[in-house]
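To start, the structure under review is shown below, and the notes come after it.
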Amino acid sequence: MDRHEITCVIGDDHEALRSGLVTLLDAEDDLRVVGQARNGRELLELAERRRPDVTVADIGMPAIDGIAFCREITARPDPPAVILYTGTAETEVLQSALDAGARGFVVKSGPPQDLVRAIRTVYAGLPYVDGMLGAALFNRRVESLLSEREAQVLQHLANGLTTEGVGKELYLSPATVRSYTENAMHKLGASNRVHAVTTALRMGLIS
């Protein structure tokens with residue numbers, strides 16, 4: 001297997017849709033489908049057995065739905081990135097999925113290449129939210145995820161300031177700035193401050 005190849009498994013109860021996705025993804029040089037499942041329980045077993053890089057799951061799968069699947073698989077060691085391939089844009093549903101560990105959301109009615117783009121994005125460690133879902137998912141106060149101060153700190157870091165520079169701008173000690181940064185990293189599931197800034201930008205929490 002090419003070292004740049006991204007392995008994927010797909011879960012959806014519609015056989016025609018699954019087959020179409022397999023054809024779509026296998027046509028890409030850097031993507032390979034290594035399994036497909038008809039429901040969430042099969043998908044969970046498949047993901048554990050095949051250890052893919054990315055799992056694409058229908059949010060309305062039978063047996064175990066997409067949100068429950070996210071919660072189950074992300075609790076396991078070294079889980080795959082999960083993309084929900086969905087037909088719903090309800091804010092509460094999407095927020096629940098985000099809380100459960102989903103890394104991406106793609107609308108079924110959108111261009112097929114959106115899914116290809118999403119797979120590459122989450123494989124690179126970044127979240128992906130379909131533009132059609134972005135407004136529904138993130139049209140809420142920033143404080144519901146980040147505190148106002150945490151968002152301010154990330155905004156200044158995104159603008160190129162150092163920790164010391166942010167402290168001077170906000171009249172905070174460098175230690176306090178680092179504390180806000182670490183809190184934001186934890187909330188965003190980021191491994192470092194650059195990842196936190198990138199994630200916050202992608203989610204529309206800062207500009």
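Quick note: the coordinates plus some simple rules give every number you see, no bench work behind them. For clarity, every value in this text was computed on a predicted model and none was experimentally measured. When we count neighbours, we look across all protein chains shown, and the Cβ atoms used for this are built from the backbone with ideal geometry, even at glycine.
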*Candidates L17, L44 - the one that is farther than 20 Å from R76 by Cα and part of a helix (DSSP H, G or I)*: L17
*Filter result (buried (at least 18 other Cβ atoms within 10 Å of the Cβ) and either touching a strand residue (DSSP E or B) at 6+ places or on another chain (Cβ under 7 Å) or not small (G, A, S) (or both)) within region 97-106*: A97, L98, G101, A102, R103, G104, F105, V106
_Answer residue from region 166-207, given it is within 16 Å of S147 (Cβ to Cβ) and outside any helix (DSSP H, G or I) and is nearest to the chain's Cα centre (by Cα) among those_ = M203
_Residue tally, condition surrounded by fewer than 19 Cβ atoms within 10 Å (Cβ to Cβ), in contact with a helix residue (DSSP H, G or I) (Cβ under 9 Å, 6 or more places away or on another chain) and among the charged types (D, E, K, R), over region 42-63_ = 2
*Among E92, E72, E48, which is the only one that is acidic (D, E) and over 19 Å from C8 (Cα atoms)?*
E92
